[in-house]
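Q: This structure is in structure tokens; I'll ask about it shortly.
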Amino acid sequence: SFLDYIAGGHQIELAVAVDFTASNGNPALKTSLHHVSDGRKNDYERAIIAVGQLLANYDSDNQIPTYGFGAKLPASPESSSACFNLNGLTDPNCLGADGVLQAYYSALNRSKLSGPTVFSEVIRTVAASARENERTEALSYTILLIITDGAISSSDLQATIHEIVEASALPMSVVIVGVGNADFSTMDRLDADKVPLISNENGKKMEADIVQFVPFRKYEKSPGLLASEVLEEIPDQFMQYMKRKRIKPRPPPVGADTVSIVSEFSGRGSTASSKDVLSQKASSDNQPMYYGVPT
């Protein structure tokens, strides 16, 4: 089961990408999705806190590579960057969700919102790390969290589909959180729950559905439901990869505590006891489950 792999030492590595395109609005204005004030956190801050902290719980070293896209930077003010280190350093790693927030504030202060909305470079960058983990047989599975305010640029759609198809062969999932009230219909296509993606570049069909889209506004007042929605497909995507690669779980280290991991992925938090989590099972399509989460 998914639990067996986590208990046996498989790690979850989180990466974050934040949308800095002009469609978010001028950060100086209260109507902007990037407006920062002492009174109320904006959607990006809340998404980083709610989703970032949730996923960061499974990142063993708490080092989170964090990127931005769609901004003009001081080093090249005439052109926008489709993938830049959010903290402005050569190393994109940030320490936990709080570090991601600080990098976000830093990027807002030194960059100018531009465009277009391009996902392909961020996905390619993070996939390269997942590919290296696979090559070295590291016990690691990468989750890329993309926080965006709108639909992907039409000029980047096919490139993004290609990168998702390539990444579908890797130990990697992509969670796209949509903030604001834009039209996110394109995201349903990338989610590929009904129609598998095919790369126009090489004709490859995706090996697995690795993308999950979550509209933040739908769940912003229900953190528990948001957590459940974000984590809904990850255990199954993880297991699909392990089965394709015929990777078996390792025995857990002596004294390992697996309860907190199971309870978090099930949305039960600390309310589930060790006995509850490990003994209560339900079946769906003959698949073992822990509190509704496929394992």
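The values are calculated or read from the model by the stated rules, or taken from the named source; none is laboratory data. The structure presented is a predicted model; accordingly, all values stated were derived computationally and were not measured. Here Cβ is always computed from backbone atoms with ideal geometry, including for glycine, and neighbour counts include all displayed protein chains.
Q: Any idea which of TYR44, TYR5 is buried (at least 20 other Cβ atoms within 10 Å of the Cβ), of a type in the set (Ser, Thr, Tyr) and either within 30 Å of GLU134 (Cα to Cα) or free of Cβ contacts under 8 Å to residues at least 40 places away in the same chain (or both)?
A: Working: TYR44 fails: either within 30 Å of GLU134 (Cα to Cα) or free of Cβ contacts under 8 Å to residues at least 40 places away in the same chain (or both).
Just a single option satisfies the conditions, and that option is TYR5.
Q: For SER129, which of the numbered conditions (1) at pLDDT 95 or above; (2) polar (S, T, N, Q); (3) more than 25 Å from LEU33 (Cα to Cα); (4) touching a helix residue (DSSP H, G or I) at 6+ places or on another chain (Cβ under 8 Å) fails to hold?
A: Every listed condition holds for SER129 apart from (4).
Q: Okay, moving on. Somewhere in the stretch 98-114, is a residue touching a His at 6+ places or on another chain (Cβ under 7 Å) and among the aromatic types (Phe, Trp, Tyr)?
A: No, there is no match, as no residue in the stretch 98-114 is touching a His at 6+ places or on another chain (Cβ under 7 Å) and among the aromatic types (Phe, Trp, Tyr).
Q: If you go through the stretch 78-130, how many residues are crowded, with 23+ Cβ neighbours inside 10 Å, in a helix (DSSP H, G or I) and not hydrophobic (A, V, I, L, M, F, W, C)?
A: Looking only at that region, the number is 1.
Q: Test VAL51 against the criterion of being out of contact with any Gly (no Cβ under 8 Å at 6 or more places or on another chain) and within 28 Å of TYR219 (Cα to Cα), and give yes or no. Before you say what the answer is, go through the steps one by one.
A: Working: out of contact with any Gly (no Cβ under 8 Å at 6 or more places or on another chain): yes; within 28 Å of TYR219 (Cα to Cα): yes.
Yes; evaluated as a whole, the condition is true for this residue.
Q: Give me the pairs: first residue in the stretch 131-149 and closer than 14 Å to ALA15 by Cα and surrounded by 18 or more Cβ atoms within 10 Å (Cβ to Cβ), second residue at pLDDT below 95 and of a type in the set (Asp, Glu), beta-carbon distance under 6 Å, and six or more apart or on different chains, which are they?
A: Cβ pairs passing all conditions: SER140/GLU13; THR142/GLU13.
Q: Continuing with the same structure: When the stretch 65-77 is examined, which residues are found to be of a type in the set (D, E, K, R) and either without any contact (Cβ under 8 Å) to a residue 24 or more places away in the chain or outside any strand (DSSP E or B) (or both)? Quick ask: steps written out before the conclusion?
A: Our first condition is that a residue be of a type in the set (D, E, K, R); within the stretch 65-77, this holds for 72.
None - no residue of the stretch 65-77 is of a type in the set (D, E, K, R) and either without any contact (Cβ under 8 Å) to a residue 24 or more places away in the chain or outside any strand (DSSP E or B) (or both), so the list stays empty.
Q: Additional query: Anything in the stretch 91-133 that is basic (Lys, Arg) and over 16 Å from the mean Cα position of the chain (by Cα)? List them, or say none.
A: Step one: filter the stretch 91-133 for residues basic (Lys, Arg), giving 110, 112, 124, 131.
Those that are basic (Lys, Arg) and over 16 Å from the mean Cα position of the chain (by Cα): ARG110, LYS112, ARG131.
Q: Hey, can you tell me all the residues within the stretch 220-269 that are assigned to a helix (DSSP H, G or I), charged (D, E, K, R) and at pLDDT 70 or above?
A: First pass over the stretch 220-269, keeping only residues assigned to a helix (DSSP H, G or I): 223-231, 234-244, 259-265, 269.
From what is left, the residues that are charged (D, E, K, R) are 229, 236, 243-244, 264.
Of everything in the stretch 220-269, those that are assigned to a helix (DSSP H, G or I), charged (D, E, K, R) and at pLDDT 70 or above turn out to be GLU229, ASP236, LYS243, ARG244.
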